[in-house]
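The values are calculated or read from the model by the stated rules, or taken from the named source; none is laboratory data. All figures in this text were calculated on a predicted structure; none of them were measured in a lab. Glycine gets a Cβ as well: all are built from the backbone with ideal geometry, and neighbour counts include every protein chain shown. The accessibility values were calculated without ligands, DNA or RNA, using every heavy atom of the protein model including side chains. Shrake-Rupley method; radii C 1.70, N 1.55, O 1.52, S 1.80 Å.
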Amino acid sequence: MTAPPTTPGIWRDVIGQPQTVAALQRAVGEPASMTHAWLFTGPPGSGRSVAARAFAGALLCPSGGCGECRECRTALDGTHADVEVLATEALSIGVAETRALVQLAGRSPSVGRYRVILVEDADRLTEQSGNALLKALEEPTPRTVWLLCAPSLEDVLITVRSRARHVRLRTPPVAEVAELLQRRDGIDPGMATYAARAAQSHIGLAKRLATDEGARIRRRDTIMMASRIRGVSDAVGAAADLLQIAEQERDRTLESRATQEKARLLETLGADPSARTQPPHIRAQVSSLEKEQKTRATRFTRDMIDRALVDLMSVYRDALVLHAGTPVELVNEDARPVVEEVARAFSAEGLLLAMEEIATARERIGANGAPLLALEAMAVGLQLPR
């Protein structure tokens, strides 16, 4: 496979987005093309925050984005004095967080040409926190630039999106994601190609699949479910398995972090971690931390379930490709026997209905529905026809 061309400088990791990069480069070099607020949208894994960070670095770089200077490097990793990054792990962005950003936006840059405020999850702004942001967008402070990221325009409050210039990213090609994994992360070419294809060009997930055998095993187990659901009992079991996979990954990822956070908090407060009871002011802060951790765990679990459902849907998509007989590469070429079994069992109409069942489950869970109930209802609709 011929490696796709890469964009030089700070844009080298913004892959598959030539029109977006051209528009951002033009804004950096031409003041007339610049504005105070930008909204980056695109499918999950398309590189919204990567593009936003690269843009921040280019705005601060004396050379317009060389990718090597201190301004570029610190902007990319979020440590530049004039780059503030809000990447919430909660289910929503609160009013207090937004007001703090608005206050920061009123200050002049410390060392650079601009003060850049990057909100990586603008779709998690509530109506109240969005209203708190409006004043800063309606009456922009000179030399302050807002960079907002969200999956789509419809995910952002209309009052916010109407005051920002829209930049749309697309799903990058599999070949370019594979090339990025090889160049940036040193991944073997074969593994990079598999991960990029299995992740459906989701850059972050592709890296995880390429570097984490456990993630590959969990994905394989999810894919296999499509051929196992032959009755109601199988459906109930599959739903429980999906939830269990998500919860196990949550515990593996977050438990040690939560313990470390609590230990650091007690150390900062000068509290004895072995004490059976703590003073009221310490208990209050520990309780606040635990509440934040619980919210983070809830979001993480939902995100993991959603990712599993995207993987599961890819099986029915591949089966539909086989039905149509089109020369389109399968997402799950490595699991072709499963795909072929599903294709034989379902008609084309049945495959579309199965995909609708999965989409409905994603919507229900995204709207705070009980995950297990949504998964059970979905799995019952995915039974292989007898």
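Is it the case that residue 329 is open to solvent by 70 Å² or more (accessible area, probe 1.4 Å), in contact (Cβ under 8 Å) with a residue 40 or more places away in the chain, not β-branched (Val, Ile, Thr) and not in a helix (DSSP H, G or I)?
So residue 329 fits the description; yes.
Within segment 222-229, is even one residue within 23 Å of the chain's Cα centre (by Cα), without any contact (Cβ under 8 Å) to a residue 60 or more places away in the chain and either in a helix (DSSP H, G or I) or closer than 30 Å to residue 336 by Cβ (or both)?
no
Among the candidates 218, 165, single out the residue that is open to solvent by 20 Å² or more (accessible area, probe 1.4 Å), closer than 19 Å to residue 246 by Cβ and of a type in the set (D, E, K, R).
Selected residue: 218, the only one of 218, 165 that is open to solvent by 20 Å² or more (accessible area, probe 1.4 Å), closer than 19 Å to residue 246 by Cβ and of a type in the set (D, E, K, R).
Looking only at segment 328-369, how many residues end up being within 22 Å of residue 202 (Cβ to Cβ) and polar (S, T, N, Q)?
2
Please work out which one of (1) open to solvent by less than 10 Å² (accessible area, probe 1.4 Å); (2) farther than 23 Å from residue 18 by Cβ; (3) over 20 Å from the mean Cα position of the chain (by Cα); (4) among the aliphatic types (A, V, I, L, M) is the condition residue 156 fails and give its number.
Of everything listed in (1) open to solvent by less than 10 Å² (accessible area, probe 1.4 Å); (2) farther than 23 Å from residue 18 by Cβ; (3) over 20 Å from the mean Cα position of the chain (by Cα); (4) among the aliphatic types (A, V, I, L, M), residue 156 misses just condition (3).
Suppose we filter segment 99-118 for residues that are touching a residue at least 40 places away in the same chain (Cβ under 8 Å) and in contact with a strand residue (DSSP E or B) (Cβ under 6 Å, 6 or more places away or on another chain); how many remain?
Residues flagged as touching a residue at least 40 places away in the same chain (Cβ under 8 Å) and in contact with a strand residue (DSSP E or B) (Cβ under 6 Å, 6 or more places away or on another chain) within segment 99-118 amount to 4.
Only one residue in 267, 292, 261 is more than 30 Å from residue 200 (Cα to Cα), in contact (Cβ under 8 Å) with a residue 40 or more places away in the chain and out of contact with any Ser or Thr (no Cβ under 9 Å at 6 or more places or on another chain). Which one?
292
I need the full set of residues from segment 365-383 which are part of a helix (DSSP H, G or I), among the aliphatic types (A, V, I, L, M) and surrounded by fewer than 15 Cβ atoms within 10 Å (Cβ to Cβ), in order please.
373
Out of the residues in segment 125-141 that are open to solvent by 50 Å² or more (accessible area, probe 1.4 Å) and in a helix (DSSP H, G or I), state the one that is modelled with the lowest pLDDT.
135
Given the residues 336, 257, which is the only one that is more than 26 Å from the chain's Cα centre (by Cα) and basic (Lys, Arg)?
336
For the structure I just gave you, tell me whether residue 22 is assigned to a helix (DSSP H, G or I), under 20 Å from the mean Cα position of the chain (by Cα) and among the aliphatic types (A, V, I, L, M).
no
Starting from segment 73-88, keep only residues that are under 27 Å from residue 297 (Cβ atoms), then list their pairs with residues that are open to solvent by less than 30 Å² (accessible area, probe 1.4 Å) and among the acidic types (Asp, Glu) whose Cβ atoms are within a distance under 6 Å, requiring at least 6 positions of separation or different chains.
Once the first residue is under 27 Å from residue 297 (Cβ atoms) and sits in segment 73-88, its partners that are open to solvent by less than 30 Å² (accessible area, probe 1.4 Å) and among the acidic types (Asp, Glu) give 88/121.
Taking segment 348-364, which residues are in contact (Cβ under 8 Å) with a residue 24 or more places away in the chain and open to solvent by 10 Å² or more (accessible area, probe 1.4 Å)?
348, 350, 352, 353, 355, 357, 359, 362
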